[in-house]
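The values are calculated or read from the model by the stated rules, or taken from the named source; none is laboratory data. These figures come from a predicted structure and were not determined experimentally. Here the Cβ positions follow ideal geometry from the backbone for every residue, glycine too, while neighbour counts run over all protein chains shown. Please note that ligands, DNA and RNA were not included when accessible areas were found on the heavy atoms of the full protein model with its side chains. Shrake-Rupley method; radii C 1.70, N 1.55, O 1.52, S 1.80 Å.
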Amino acid sequence: MKRAVLYLVLVLGLAGCQLSTPARPDPNGLRIYRLDQADRSEVQFRLLDAVNLLRVTAQAPALTLDSGLIAAASTHARDMAVQNRPWHFGSDGSSPIDRARRAGYRGAVLGENISETYESELETLRAWMAQPDTRAVILDPNGRELGLGYFQEEQGKIWWVLMVGDSRQAAIGPRG
């Protein structure tokens, strides 16, 4: 019961976190969460910290950022925008495992979460935590590394990709 209460407090806390990158008005007067290239590492570390808080509650080990998973996630975020659809296959037919291998990640890819939204990384994390399948990726006790990538379109839509892997396990799946 204590763990469930702590988990609820953490999720609600994520929803109310102050973002250091403010929403900026677009030409139509709408407030849009805008990300600049300079925000990239801050966004990744902010999400990593939030994920690790959630993992502590679930008694799962903390994750570290992995450059291969970040590269694979970033490439796929841009590719989803080009395809104009959120899905796990690249325009070249690649899977998350294929993309991670191409980016130099040699561990097992445990899961990939994707999103097409106008929301921040913490709001997106909150939405992922609300769904059993995407929550399972974030809290997978076998996870050791995380990669977060995003691509923001000019009009403000953000394509998010989060990948979790385990470098202790050899990569499985099709070789790219």
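Within the option set Gly143, Gly156, being part of a loop (DSSP other than H, G, I, E, B), in contact with a Pro (Cβ under 8 Å, 6 or more places away or on another chain) and open to solvent by less than 20 Å² (accessible area, probe 1.4 Å) holds for one residue only, Gly143. The conditions of being over 14 Å from Val161 (Cβ atoms) and either more than 16 Å from the chain's Cα centre (by Cα) or of a type outside the set (A, V, I, L, M) (or both) are not met by Gly147.
Can you tell me how many residues within the stretch 85-113 are in a loop (DSSP other than H, G, I, E, B) and not hydroxyl-bearing (Ser, Thr, Tyr)?
11
Taking (1) among the hydrophobic types (A, V, I, L, M, F, W, C); (2) under 18 Å from Ala50 (Cα atoms); (3) open to solvent by 10 Å² or more (accessible area, probe 1.4 Å); (4) in contact with a helix residue (DSSP H, G or I) (Cβ under 6 Å, 6 or more places away or on another chain) in turn, Val109 satisfies each apart from (2).
Filtering the stretch 33-74 to residues that are assigned to a helix (DSSP H, G or I), open to solvent by less than 70 Å² (accessible area, probe 1.4 Å), under 17 Å from Ala100 (Cα atoms) and in contact with a Phe, Trp or Tyr (Cβ under 9 Å, 6 or more places away or on another chain) leaves Gly68, Leu69, Ala71, Ala72, Ala73, Ser74.
I'd like the full set of residues that are open to solvent by less than 20 Å² (accessible area, probe 1.4 Å) and part of a loop (DSSP other than H, G, I, E, B), limited to the stretch 114-131. Ser120, the sole residue that qualifies.
For the stretch 84-101, the criterion of being of a type in the set (D, E, K, R), within 20 Å of Lys157 (Cα to Cα) and touching a Ser or Thr at 6+ places or on another chain (Cβ under 6 Å) is met by none of the residues. Cβ contacts < 8 Å: first residue closer than 9 Å to Phe151 by Cβ, restricted to the stretch 66-85; second residue modelled with pLDDT under 95 and of a type in the set (A, V, I, L, M), any location; separation 6+ or different chain. Result? Nothing qualifies. Please go through the stretch 75-95 and give me each residue that is touching a Phe, Trp or Tyr at 6+ places or on another chain (Cβ under 9 Å) and either open to solvent by less than 10 Å² (accessible area, probe 1.4 Å) or under 21 Å from Ala136 (Cα atoms) (or both), ordered by number. Residues satisfying the conditions are His76, Ala77, Met80, Pro86, Ser95.
Tell me, please, whether a residue that is acidic (Asp, Glu), at pLDDT 95 or above and touching a Ser or Thr at 6+ places or on another chain (Cβ under 8 Å) can be found in the stretch 52-74. Yes; the residues of the stretch 52-74 include at least one that is acidic (Asp, Glu), at pLDDT 95 or above and touching a Ser or Thr at 6+ places or on another chain (Cβ under 8 Å).
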